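Structure first, then comments.
The values are calculated or read from the model by the stated rules, or taken from the named source; none is laboratory data. Fair warning: this is a prediction, and the values are worked out from it, not measured in the lab. So basically every Cβ, Gly included, is an ideal-geometry build from the backbone, and we count neighbours across all protein chains shown. Side chains are part of the model used for accessible areas, which takes the heavy atoms of the whole protein and leaves out ligands, DNA and RNA. Shrake-Rupley method; radii C 1.70, N 1.55, O 1.52, S 1.80 Å.
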Amino acid sequence: MARLEFIFALFRRFHSPLRYAIRQSNFALTITGMEKHNQSLAQALSSLGNGDAGFMRAALGLARQAEVVGEVPVGAVVVKDGEIVGRGFNAPISRRDPSAHAEMLALRDAAQRLGNYRLVGCELFVTLEPCLMCAGAIMHARIARVVYGASDPKTGACGSVVDAFGEISSSLPTHHLPLTTPHISRLNHHAEVVGGVLAEECGLMLSKFFAKRRAQQKAGAIFELPEEPR
């Protein structure tokens, strides 16, 4: 009987502290789990904000600036190591410069900032498929990756009209290529091309712009309509 009373006394003595310790341990584990979840969520949001869609939205913001001044709404950014180093929007009308496409101005801005006309390791994000002129400048700049939004069925040089980036350098292996792929050893630089990022938003901005301009032209508010889509 005395032994049982001793055991119960020990149980009463250590039960509450033990239960408290267990609760504290579970609470700490819960907090740790929440912190890990929040970190994962923050990383996911950061990735979304700085990924292809995030940079394309930055280009869309520049396209809106072009629209405000009456230019065809096309915007572009150059990205290096996850940071925007070059910006540009369409300005051939205001600058009286046929080469002042968004891509060209973004490339010039990036070259000035980085102090080098070679933009090795950089990516270019543009709201509209680059034309042949811009494709040539992109190659000369050694851009590693091109990401565009809407396709350009009239002057697109990434496959819509011509495929400037589809030319294959002789330094690339050909044994994994389809038999239908021609091996053309005329270019010494090949950029990765990704199209269709936020294509609907990019295309809608252009179509709304030209619809508005056609309405203005019909009403006699303007006399000259910019050539579609540039």
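Summary table
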read-out	value
Under the Karplus curve 6.51 cos²θ - 1.76 cosθ + 1.60, θ = phi - 60°, whole-Hz ³J(HN,Hα) for segment 103-114, x wherever Gly or Pro sits	4, 4, 5, 5, 5, 5, 4, 5, 4, 5, 5, 8
Amide H within-cut-off set for V161, under 5 Å, with H built and near neighbours excluded	G156
Sequence-distant residues sharing a close amide H with V85 (under 5 Å, placed H)	V78, V79, K80
Solvent-accessible surface ranking, highest first, for M133, M56 at 1.4 angstrom	M133, M56
Relative packing of peptides 118-130, 74-86 - highest average C-beta neighbours within 10 Å first	118-130, 74-86
Whole-percent carbon and sulfur share, accessible surface of segment 106-158, 1.4 Å	56
J(HN,Hα) series, segment 64-76, from Karplus relation 6.51 cos²θ - 1.76 cosθ + 1.60, nearest Hz, glycine and proline x	5, 5, 5, 4, 4, 9, x, 8, 4, x, 10, x, 8
